[in-house]
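The numbers here are math on the coordinates, done by the rules we state, and not lab data. The model shown is predicted, which means the values in this text are computed figures rather than measured ones. Neighbour counts run over all protein chains shown; Cβ positions are idealised from the backbone, glycine included.
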Amino acid sequence: MTIKAEHEIHQRRKGRNIGVGLMLAGFVVLVLALTFVKITSGDFELPRAEAIE
Amino acid sequence: MTDISYQNQAHEGEASLGDYFALMKPRVMQLVVFTALVGLLAAPISVHPVVAFASILFVAIGAGASGALNMWWDADIDAVMNRTAKRPIPAGKVTPDEAKVLGVALSGMSVMMLGLSANLLAACLLAFTIFFYAVIYSMWLKRSTPQNIVIGGAAGAFPPVIGWVIATGSMSVEAWLMFALIFMWTPPHFWALALFMKSDYDDAGVPMLTVTHGRKSTRKHILAYTVLLVALAVGTAFTAIGGPVYLTAAVILNVLFLKGAYDIWRRDEAQAEADGYKVEKSFFRLSLWYLFLHFGAILAEAVLPAAWGIWA
């Protein structure tokens with residue numbers, strides 16, 4: 001049996017890595033959007049210590 | 001390492017992303033997302049779309065995490081039952097340890113993120129729901145009492161309450177009515193399944209009502225729970241989350257559901273065997289539509305201002 005450069009296992013691993021990468025990128029974007037919404041909403045207040053400064 | 005051992009490792013040790021996703025019980029997640037979304041939209045306080053999207057996503061991830069923990073714990077009985085034998089762990093695609101780690105990690109992440117995106121009470125409720133499903137139901141009740149489905153059904157009933165709490169930050173009667181609807185619906189739904197998945201639970205040694213009390217008693221139980229469910233479901237029409245759309249849907253669905261439960265009660269095993277559990281299977285299918293359409297009607301009442309106008 002010859003050793004193939006691209007085994008089925010590599011394809012599966014590649015697909016998994018791309019999937020995890022996309023999910024992490026999506027999570028970062030989601031946290032960014034959440035943060036933006038939270039700090040621009042009307043009832044957002046700085047913590048007391050920072051507000052005094 | 002020989003080619004053969006390499007090949008075997010490749011199949012056993014390298015799950016695809018889809019296998020991990022299957023661990024999270026995508027079908028259950030669909031129901032969780034839908035009912036939590038209805039709870040959120042039926043609440044009297046509106047939520048920013050980004051916060052709503054993120055919060056529902058974290059609830060879904062929490063539900064998926066508890067599904068993975070359930071599959072880790074139940075891998076031995078899943079392997080014996082026809083219905084669950086193809087799940088990722090018994091099929092050899094994912095190891096039990098991977099499922100456990102995924103479940104614990106996603107549980108922690110989803111609870112923390114829900115606390116940040118919504119509020120602490122919603123996060124605590126999600127944590128309790130995961131604990132209830134993974135520990136109280138999967139590890140304790142499922143293998144020890146025929147009431148497993150009755151009490152364990154509470155885990156599936158929490159999502160609309162969580163949705164409501166995401167929006168309001170507190171609980172109210174309406175949220176618990178939605179809880180009660182799913183809670184009372186779960187036993188007849190699963191007992192109908194247990195009737196026609198005949199030997200599955202017996203083979204696995206799970207003390208379902210069909211195994212411990214017999215099929216005749218299970219049929220009686222289905223009818224009794226359905227009668228209580230009908231009263232609750234129709235009565236909800238006259239609360240703040242009900243209205244004319246909900247009442248119409250509830251009356252039609254509950255007449256059909258009650259008739260199905262009555263037909264199941266009237267039959268015996270010989271009749272059921274003769275027609276391949278036709279009535280039980282159609283009652284099970286109807287039960288899926290029953291829950292979906294009740295929550296759809298609650299959603300319609302919440303988002304269709306015209307319906308409110310007519311009712312008022």
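Structure summary
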{"item": "Shielding of A:11-22 by partner chains, average beta-carbon count, 10 Å", "result": "3"}
{"item": "For A:Arg12, B:Arg87, order by how many other beta-carbon atoms lie within 10 Å, fewest first", "result": "A:Arg12, B:Arg87"}
{"item": "Among B:Ala134, B:Ala240, B:Ala68: highest mean-square fluctuation, GNM of chain B, C-alpha pairs under 10 Å", "result": "B:Ala240"}
{"item": "Farthest positive-ward along segment B:202-281 dipole, Cα basis, beta-carbon charges - from B:Val255, B:Gly205, B:Gly276", "result": "B:Val255"}
{"item": "Mean-position separation - Cα centroids, segment B:168-197 and segment B:205-244, in angstrom", "result": "9 Å"}
{"item": "Sites B:Leu288 and A:Glu8 - FRET efficiency at Förster radius 51 Å, r taken between beta-carbons, to 0.05", "result": "0.90"}
{"item": "Charged-residue dipole, Cβ positions (Lys, Arg, Asp, Glu), chain B about Cα centre, Debye nearest 20", "result": "760 debye"}
{"item": "Segment B:23-136: relative contact order as a whole-number percent, Cα under 8 Å and 6+ apart", "result": "32 percent"}
{"item": "For segment B:74-205: relative contact order, % (alpha-carbon pairs under 8 angstrom, 6 or more apart)", "result": "25 percent"}
{"item": "Footprinting exposure proxy for B:Ile264, B:Ile61 (fewest neighbouring C-beta atoms within 10 Å first)", "result": "B:Ile61, B:Ile264"}
{"item": "Residues B:Val230, B:Val251, B:Val59 arranged by fewest to most Cβ contacts within 10 Å", "result": "B:Val251, B:Val230, B:Val59"}
{"item": "Dipole axis of chain B (+1 Lys, Arg; -1 Asp, Glu on Cβ), positive-most option in B:Thr168, B:Leu126, B:Val245", "result": "B:Val245"}
{"item": "Centre separation in Å (Cα based) which lies between segment B:29-89 and segment B:261-278", "result": "33 Å"}
{"item": "Burial order of peptide ranges B:104-117, B:42-55 (average beta-carbon count within 10 Å, highest first)", "result": "B:104-117, B:42-55"}
{"item": "Cα shape, segment B:213-312, gyration tensor, a/c 1.5 rule", "result": "prolate"}
{"item": "222 nm mean residue ellipticity, helices alone, for chain B (DSSP H n ≥ 4; -39,500 (n - 2.57); rounded to 500)", "result": "-24500 deg cm²/dmol"}
{"item": "Average partner coverage of B:14-27, which counts Cβ from other chains inside 10 Å", "result": "2"}
{"item": "Average Cα contact separation per residue, chain B, under 8 Å, 6 or more apart, as relative contact order %", "result": "19 percent"}
